[in-house]
Amino acid sequence: MATKNPRIAAYPPPKVYELLVEFKHSQGLKSDSAAIVAILETYLCGSIPNVLPSELSGTPKRIEDLEVKVSSLLSDVAELKQAISQYTCQSSGEDLSHNEYLHQPDNCED
C-alpha cells in the first residue's frame, strides 16, 4: 500500500525483535511497521499510539475471551467464598476439629 510517510529500515538483534513481536501481538497489531510506529509515537510524543482500525486484528475476540474468563473466575471466587464461610465458622454445630489447619476468622468464637 502506497504512503507518503518516510520509510525507515532497522536491523534489530533477535531479542529486540522478539520483544517487538510480543508487543505487536499484545496490542493486536498486524504489522511490524504498525508496532514500530506505535512505539515511536509513545516514546517520542508521549501519546497514546494512533492505530488505524485496519491494523487491529482479533482485538474484539480477545476482549470477548477475556470477559468469559473473568466471568468464570468471578463465579469460582463466589463459590470459594461460600465454601470458606461454611467451613470457617462453627455456627452449624458441626465438629471441625479435624480441620485444624483452617484459620478461624476473628468473628468466630471458639
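Other residues whose C-beta falls under 13 angstrom from the C-beta of TYR17 contribute a net charge of -1, scoring Lys and Arg +1 and Asp and Glu -1. Here the label points at LYS69 and TYR17, each 7 Å from Cα along the C-beta direction, are separated by 2.8 nm in the simple model.
Bear in mind these aren't lab numbers, they're just calculated from the coordinates by the rules spelled out. Here the structure is a predicted model, which means the values were calculated and not measured. Ideal geometry is used to build each Cβ from the backbone, glycine not excepted, and the neighbour counts take in all protein chains shown.
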